[in-house]
1. What number of residues within the stretch 636-660 satisfy the criterion of being part of a loop (DSSP other than H, G, I, E, B) and of a type outside the set (Ser, Thr, Tyr)?
2. Taking the stated definitions as given, is GLU335 closer than 21 Å to ASN299 by Cβ and acidic (Asp, Glu)?
3. Across the stretch 430-456, which residue is nearest to PRO508 (Cα to Cα) among those that are within 46 Å of the chain's Cα centre (by Cα) and surrounded by fewer than 12 Cβ atoms within 10 Å (Cβ to Cβ)?
4. Could you give every pair whose Cβ atoms fall below 6 Å, whose first residue belongs to the stretch 633-646 and is of a type in the set (A, V, I, L, M, F, W, C), and whose second residue is part of a loop (DSSP other than H, G, I, E, B), counting only separations of at least 6 or pairs across chains?
5. Here is a list of conditions, (1) in contact with a helix residue (DSSP H, G or I) (Cβ under 7 Å, 6 or more places away or on another chain); (2) touching a residue at least 40 places away in the same chain (Cβ under 8 Å); (3) surrounded by fewer than 20 Cβ atoms within 10 Å (Cβ to Cβ), and ILE388 meets all of them except one; can you say which number that is?
6. For the stretch 268-383, which fully contained strands (runs of 3 or more DSSP E) count at least 2 residues that are touching a strand residue (DSSP E or B) at 6+ places or on another chain (Cβ under 8 Å) and crowded, with 17+ Cβ neighbours inside 10 Å?
7. Going through the stretch 150-179 one residue at a time, which ones are outside any helix (DSSP H, G or I) and among the small types (Gly, Ala, Ser)?
8. If I filter the stretch 453-474 for residues that are outside any strand (DSSP E or B), under 23 Å from ILE547 (Cα atoms) and either assigned by TED's automatic domain parsing to the domain that holds VAL635 or among the aliphatic types (A, V, I, L, M) (or both), do I get at least one hit?
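The values are calculated or read from the model by the stated rules, or taken from the named source; none is laboratory data. Only a predicted model underlies this, so the values are computations on that prediction, with no experimental measurement involved. For neighbour counting, all protein chains shown are included, and Cβ atoms are generated from backbone atoms with ideal geometry for every residue, glycine included.
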Amino acid sequence: MSLIASMAGAHNAYLVLLAAVVCVMGVAVAIRLLLRARAAHGGARFSWLFMMGVAGGASIWCTHFIAMIAYQPGVPVSYDPVTTALSAMIAMAGCFLAGGIAVEQRLPLSWEVGGLVFGASVSLMHFIGMSGYVMDGGQHVMVFSAGYVAMALSLALLLGLAGFSLLKKGASRRNFLAVNSLLTLSIVGLHFTGMAAMHDVVLCLSGFVDHTSGLGLAFAAGGMALLILGTGLASSFLDSSVRKETSDRVREIINHDALTGLPNRDWFVREGVSLVSDGVNDMRLAAVVINIDRFRDINNILGHAEGDRVLRTIANRFKSALMPTEIVARTRGDEFAVMRAVFDDMDVPMLIKRLQSAIAMRLETPDGGLEVTARFGVAIFPDDADDIEALLDNADLAMSRVKNLHNTDVGYYQADLDELARQRRTMVVELSRAIESDQFELHYQVQKHVQTHEVVGYEALVRWRHPERGMVSPMEFIPLAEHSGLIVPLGEHVLRLACRQAAAWPRPYKVAVNVSPVQMLDDSLPRLIEQVLDETGLDPSRLEVEITESTLVADPEHTVRILKAVRSLGVSVALDDFGTGYSTLASLSLFPFDRIKLDKAFLSEIDRSPQAKAIVQAVLTIGKSLNIPVLAEGVEREDQMELLREEGCSEAQGYLLGRPAPTITIPDVVVPLRLVDRASA
């Protein structure tokens, strides 16, 4: 049979059109499902591939089956059920395998190989299906033209390869239509070229042939195919809907605060940027940062649940109080931010008045009541900042400055006043990075016996070697570390480094480490010291912990409990900066210290102030009476040293005896600590 005859006179045109519709729709659904499989992983990918195999294979088989029914050979025909069912299974399995190979990125040329497998499975399905085609009860024998068979196979393989290769490049509308066309042609071209390859040899001629007998079966097959395709298409659209809902939900979570439902800082900044870009050149925007006063007290007194309720109430009131042109967000814990366009000098004061009214509420506490108030910081774009991020930061700086004032609750950004706060914030960030990147090192200042000049130990003093600013003074970064809470990880780093280096010293000198008031608040400090001693192998008797009088007086009961736990480890405890506190003598009665360190301020004044000299003598007398060694700090002159000898001071430390240095000096030996540290590592 010629190819033209195969496609024209020998076929029912209506059934051919039905087969074409099934094929085009089936391929479209299969492509969508394959794209879903490419974007998925694991079990989800397998599910999409399975649906792609069923929908694609069913549509290919139904196209073939309907087209076979459309063929009118002039004799009665029937179909062998086994081979017909086998051909359907081959089509589905082949589509599944082709899709699985294509989306497997680890395979080289995966899409190209998948296209060839697709073409091969379509071909195998067709010819196995043809083998089950029975003409006139088996009285007609089919033979195939080798040339047409080769042409049919080539069409299926090449068009399948081309379609999958194009799909690999993307799923644009243009690509999608091109891929659909190529794969549809591979199926249709194979079928009709394969039909043209068929010839029949008549063994026995039968009687009347009813060409309408297969129409019902054909339309049933077409309906079943469309049902399968509809299911696949519905699943694809359902997945798209679910993915869109999920995407919207994720976007909602990303852009909004879970507690209050308000937008978050990121959304707020993006909206501000949008306002600036959409506005006119002379547009002015006000950013107002709001911080709830004493919110920590609300949490501590009434509980976190009540604190959360207060934040939700304020958020809901903000939504009601603000105009449609004003935007609000919760930027962090107890802070909110509002932005609006500014047209008049009264716009910002009136906005703040509305915000104050929204915040105002009274909370009942066991001791009476607590009024909820807030502090406000304001910055104006473009007067105070060139972009929205900087605008919000500057408003926050203004609010932080107002928190330290008692005569106002509203502050406007002032560059000269708020720049110092900005520098402090920047340094806090750099401090955190410095701890992580090990930018800190220890310098050691020697401590000697006053009478014999014998070395009794070293005090570990932390130094910050900034990668750009060089050495940063401890007077600059220690207060910031204490205020920000970074003193805890910094103190742990210093303790660990000092113990490790001291353990490697050639002689068993003591090493003194300062512990800040913030560290003393931590109940786990004794466990930390024990852990560090175990890790470094330092004998506990060689470690001395120094605390200041202010630490002891702030919370005597807690501090004494911590010091007793530290002392039980075998670690000695020294009272630093003695004489500078308000309860100097009371401090000595609270805990039996192993050493008193006389503050250097008194020693520096002994040549000019009789009172300073008398205080030095009194402290030394107290030390003798309590049998506690006294170490004098800040010894810089020989006359100071002479006084200490005369008064019987035990030990001394200062520039006269040795400056802090990254080396320890032993008679006839200088040990670089960097080398010691490497040796112990």
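1. 11
2. Judged against the criteria, GLU335 is a match.
3. Only one residue tops the list, namely ASP438.
4. VAL635/GLY654; VAL635/LEU656; MET641/VAL635; LEU644/VAL450
5. (3)
6. 285-292, 327-332, 335-341, 368-372, 374-381
7. GLY170, ALA171, SER172
8. Taking the stretch 453-474 and keeping what is outside any strand (DSSP E or B), we get 453-454, 467-469, 473-474.
From what's left, under 23 Å from ILE547 (Cα atoms): 473-474.
Adding the requirement that they be either assigned by TED's automatic domain parsing to the domain that holds VAL635 or among the aliphatic types (A, V, I, L, M) (or both) leaves 473-474.
The answer is yes; a qualifying residue exists.
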